[in-house]
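Report on one structure; see the data block that follows.
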Amino acid sequence: MKRLSKASLLILIIAIMFTNIGCSSFSGEEGTEIIDANEAVKLINQENVVLVDAQGSEGYLYSHIKNSVNISRADIVINEPVPNMLAPKDQIEEVVSTKGISNDTTVVIYDNNNNMDSARLWWTLKVYGHENVKVVSGGIKALNATGVELTKEIPDISPTKYVAKEKNVNMIATIDDMKSQINDPKEDVILIDTRSQEEYDAGTIPSSVLMNYVDNNKSDGTYKTVGDIQVMYLDAGLIPDDTAIMYCKTSIRGAQTYLALYNAGYRNLKLYDGAWSEWSKDTSLPVQMPENNKVEINEQDNS
């Protein structure tokens, strides 16, 4: 990963802060994927918009926003070779079809889990080519604060015939990609471990930078602003031209960071789907112990 001098980093951060005068070097459009609760309420009253509750099925049955349909984490993952891997195309097509979503539907997603299950569903739909997807910052709590109705009532759904595109492999890092980066490091690639400090200290993929996913949120559970995300990651050394590969234990938290960065204009992004669960399962792979900066062969992680 390229490291900027303090002076160069300060200049870049100042440029980002003054995007209104054309100084941003971010290539992607900013602020397009995450919406606040008030925007969401306006949007879900429009035609051809489906509100999706990304809670687990039990949470959905207990309470959800009126007229929302449920797509839980369990619906969009498989658990081989490790938990919470991206589900295949046919599984996603079946799930999305049964929820009344068409290829031209705008999908608005909320959760009750620090924005991470919403982000994982957003990422999954994007991987399979669905462009019209928004995540509600702050989830059900933020929506409830606007006065929308909570209910246990399950809405009537008219199934569709959803056809997904082929998986966009450019959004995904494999274990071989990770091995390649470890064995032949590229200066313009940064590995981001989005887990907690405690998990990171217990062992991480060598050269990974710790950026706990919860730091993408404000204290009220909503996402930080585009500008705040840009400054935070620039300060960590991630410049717009770099490729960021993020992961956590099973890359649910990693997806939350992926969305934060994409929404902030970063475009060279990959999610290591197998994540720490896959890496630590192979005892031949190296593990870095940040506390003593040692790299060693890992021990099996059975947690």
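All of the numbers you see were taken from the coordinates with simple rules; none came from a lab. Remember, it's a predicted structure, so these values are computed and weren't measured experimentally. No Cβ is skipped: glycine too gets one built from the backbone with ideal geometry, and neighbour counts run over all protein chains shown.
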Quick one: dipole size for the chain, taken about the Cα centre, charges +1 on Lys/Arg Cβ and -1 on Asp/Glu Cβ, in debye to the nearest 20.
380
Residues of type aspartates and glutamates that Lys134 reaches as a straight line, Cα spacing below 17 Å, ignoring anything fewer than 8 places off in the same chain
Glu29, Glu30, Glu33, Asp36, Glu39, Glu47, Asp53, Asp104, Asp111, Asp117
I need the peptides 144-157, 26-39, 43-56 ranked by packing, meaning the mean over residues of other C-beta atoms within 10 angstrom, with the highest value on top.
43-56, 26-39, 144-157
Points 7 angstrom from Cα along the Cβ direction at Asp177 and Ser25: gap in nanometres?
2.3
Could you sort out which of Lys165/Lys224; Lys42/Lys141; Lys89/Lys161 sit more than 25 Å apart by Cα distance in this structure?
Lys165/Lys224
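How would you rank 93-99, 254-260, highest first, on the average number of other Cβ atoms within 10 Å across their residues?
Highest mean packing first, the order is 254-260, 93-99.
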Could you give each residue of region 133-139 its phi-based ³J(HN,Hα) in whole Hz, using Karplus coefficients 6.51, -1.76, 1.60 with θ = phi - 60°, and x for Gly or Pro?
9, 10, 10, 7, 4, x, x
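Mind putting a number on the dipole of region 169-297 about its Cα centre? Charges go on the C-beta only, +1 for Lys and Arg and -1 for Asp and Glu, and I need it in Debye to the nearest 20.
Details: 11 positive and 20 negative charges, 62 e Å.
Taking the Cα centre of region 169-297 as origin, the dipole is about 300 debye.
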So, relative contact order of the chain in percent, Cα under 8 Å, 6 or more apart, is 22
Under the Karplus curve 6.51 cos²θ - 1.76 cosθ + 1.60, θ = phi - 60°, whole-Hz ³J(HN,Hα) for region 141-146, x wherever Gly or Pro sits:
5, 5, 5, 4, 5, 7
Square roots of five times the C-alpha gyration tensor eigenvalues of the chain, ordered largest first and given in whole Å, equal 32, 24, 17
What's the FRET efficiency of Ile154 with Asn103 using the Cβ-Cβ distance as r and R₀ = 25 Å, to the nearest 0.05?
0.55
